[in-house]
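**Q** Dumping the structure here so I can ask a few things about it.
The values are calculated or read from the model by the stated rules, or taken from the named source; none is laboratory data. Note that the structure is predicted; figures quoted are calculated from it, not measured. Glycine gets a Cβ as well: all are built from the backbone with ideal geometry, and neighbour counts include every protein chain shown. These area figures cover heavy atoms from the full protein model, side chains too; ligands, DNA and RNA do not enter into them. Shrake-Rupley method; radii C 1.70, N 1.55, O 1.52, S 1.80 Å.
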Amino acid sequence: MTGATARPPVVVGVENTEAGRIAVEWAADEADRRGLPLRLVHALEGPVGTPRPQFAHAADGPDRHRDAQRVHATSWAAQPYRDADPIPTSRSWGDRFRDAGLAAIDTAREVALAGRPNLRVVDELVDGGPIQVLRAQSEGAEMVVLGSRHLSSTAELLTAGGIAVPVAAHAQCPVVIVRGPEHRSRTNRFLVVGVDGSRGSEPALAFAFDEASRRWAVLDAVFVTGLHASKTADIEARVKLAESLAGWKERYPDVVVRPQVAHGHAVRALVDASHEALSLVVGTRGLGGFRGMVLGSVSHGVIHHATCPVVVVPGTGAEPE
């Protein structure tokens with residue numbers, strides 16, 4: 001674990017899926033860009049009734065379990081390993097889940113270090129469910145990064161595989177849901193941030209400006225009004241957007257900002273604006289230009305429909321849910 005004076009890590013949830021691999025790559029790039037350590041975290045959660053192994057895992061390098069048997073059958077990581085050597089029947093289920101988690105972490109470490117020789121990587125195998133584990137990991141982290149299973153909103157709420165929404169809803173730091181490989185255009189690099197004029201959207205703006213500055217990217221700031229907004233409402237939206245951006249543009253003079261007022265449903269407008277963006281940044285709270293920019297409405301919607309990484313930034317807590 002990091003000490004009180006240590007730099008906050010970029011935390012990524014490790015799972016043995018293609019989505020998990022893409023999330024590790026994104027998180028490793030981000031940690032390398034920020035000069036921060038990358039923390040690989042695998043939640044050790046077996047089926048109900050599975051005995052828990054007694055162990056104290058330390059991040060002591062990839063050879064710590066060179067001869068471990070591997071099987072991957074946890075609820076969080078659905079794709080099984082297939083090893084040539086059979087697993088002895090004398091081994092407990094707890095040991096098997098532990099070895100599976102260690103194997104997943106080793107694979108993630110290899111992915112993270114590929115092409116990033118100066119990246120510091122630490123890892124943790126934590127007993128517990130992924131939602132609870134990653135919420136706890138968010139305290140003191142720079143951000144938490146998750147892969148996306150591309151679940152529908154209904155499936156996200158009703159299945160054990162859906163962790164993005166509950167983690168993002170209660171995390172203490174920004175949560176990034178990586179829905180696919182990053183758009184890497186060299187000529188049209190931009191991020192999108194949703195703005196609603198409320199104080200609750202300021203943390204999202206802070207993250208978006210900082211990220212755009214780090215990545216030498218244009219920032220599209222999008223304010224959404226109703227589909228049939230009046231001319232007066234449109235003018236008011238543009239004024240609120242300009243006021244929201246004023247201080248940030250002075251703080252980040254290197255960032256080119258493209259203010260946009262869009263009309264229609266907030267989720268659809270933000271998803272459309274973020275097509276081929278490096279990321280889409282939204283807040284968890286806010287009751288300004290479009291009502292309900294809270295997780296479960298706008299943030300919830302873009303998690304499931306955006307085609308780029310989605311960054312959900314905790315709000316100030318001033319506005320009610």
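**Q** Please indicate, with yes or no, whether at least one residue in the range 199-222 is open to solvent by less than 20 Å² (accessible area, probe 1.4 Å), at pLDDT below 95 and part of a strand (DSSP E or B).
**A** Looking through the range 199-222, none of the residues is open to solvent by less than 20 Å² (accessible area, probe 1.4 Å), at pLDDT below 95 and part of a strand (DSSP E or B).
**Q** List the residue pairs whose Cβ atoms are under 6 Å apart, where the first residue sits in the range 248-274 and is open to solvent by less than 30 Å² (accessible area, probe 1.4 Å) and part of a loop (DSSP other than H, G, I, E, B), the second is at pLDDT 95 or above and not basic (Lys, Arg), and the two are 6 or more positions apart or on different chains.
**A** Going by the 6 Å Cβ cut-off, the qualifying pairs are VAL255/PHE209; VAL255/ALA212; VAL255/SER213; VAL255/LEU219; SER274/VAL192; SER274/LEU280.
**Q** Which one is nearest to the chain's Cα centre (by Cα), of the residues in the range 223-247 that are open to solvent by 40 Å² or more (accessible area, probe 1.4 Å) and acidic (Asp, Glu)?
**A** GLU243
**Q** If a residue must be of a type in the set (Asp, Glu) and more than 19 Å from PRO203 (Cα to Cα), how many such residues does the range 224-253 contain?
**A** 2
**Q** While we're looking at this one, here's another question. Got a number for residues in the range 223-247 being aliphatic (A, V, I, L, M) and in a strand (DSSP E or B)?
**A** 1
**Q** What helices (runs of 4 or more DSSP H), lying completely within the range 88-177, carry at least 2 residues that are at pLDDT below 90, at negative phi and in contact with a helix residue (DSSP H, G or I) (Cβ under 7 Å, 6 or more places away or on another chain)?
**A** Answer list for the range 88-177: 153-158, 164-170.
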